[in-house]
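Only one structure is covered here, and it is reproduced in the block below.
The values are calculated or read from the model by the stated rules, or taken from the named source; none is laboratory data. In this text, all values refer to a predicted model and were calculated from it rather than measured experimentally. Methodologically, a virtual Cβ is constructed for each residue, glycine included, from the backbone with ideal geometry; neighbour enumeration extends over all protein chains shown.
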Amino acid sequence: MKTLVIIPAFNEELSIEGVIDDVREHLPAADIIVIDDGSGDSTAALARGKGAPVISLSYNLGIGAAMQTGYKYANARGYDIAFQFDADGQHRGDQFSALLGPLLSGEADICLGSRFREKGMYEAEFARFIGIRILSGTISLLMGQKVTDPTSGFRGANRRVIEFYCSSYPDDYPEPEALILLHRAGFRLVEVPVLMRKRLLGTSSITFIRAFYYMIKVILAIMIDLLKKVPGR
């Protein structure tokens, strides 16, 4: 299976080289594309120095536009599987196999890596955890299946989803909104437990108020999505 790892990156010069090394160590047969989302630092130069192809967006468009750029690249070059793998160092290359299994077996069209699928695998900040729990409950209800980590950016897509994302991909809150979009379009989601690292650098700015505000905005965006016509239907 021709496989691509899409790494969206915005000002990640401190971690991008280690992330590329991690992918190559644990998924050596896969190709890599770094989507530089208008970084103002050395992210793109360092990625190229590692021999990774880079697409540099002219300015910061957000994770949604960066990922859709990656999916269009994957579609144009005939990849069978595309992974999203964030550039901040929290995702682990040794967890690719967990996502790959359901895609190769045909069980899933999209496989989502969850920090919270099994108890005790990951301890999030209290404010973030509460927000995710409320959001995951809402999405699980709307989809009719349990989804524990809807904001996770560690996910793999098969060829059908790659093609679908080229024509339709959310801009505002792409990770949770994309799950609803795929469900409405009839794609099969499988969520698997994965290990992730804690934030490597800096501290979180997420307070309870910010987490609650984010959660409300995402739920409102999802409700609006439910009123939209699904592409191809």
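Things to note:
- Strands (runs of 3 or more DSSP E) enclosed by region 1-77 - at least 1 residues per element that are among the small types (Gly, Ala, Ser): 3-9, 54-56
- The lone criterion from (1) in a helix (DSSP H, G or I); (2) at pLDDT 95 or above left unmet by Leu112 is number (1).
- Here Tyr79 passes the criteria (1) closer than 18 Å to Arg24 by Cα; (2) surrounded by fewer than 19 Cβ atoms within 10 Å (Cβ to Cβ); (3) not basic (Lys, Arg) except the one numbered (2).
- Residue in region 47-64 that is modelled with pLDDT of 95 or more and basic (Lys, Arg) present: yes
- Checking each residue in region 138-172 for being outside any helix (DSSP H, G or I) and under 18 Å from Ile6 (Cβ atoms) picks out Thr151, Ser152, Gly153, Phe154, Arg155, Gly156, Ala157, Asn158, Ser168, Tyr169, Pro170, Asp171.
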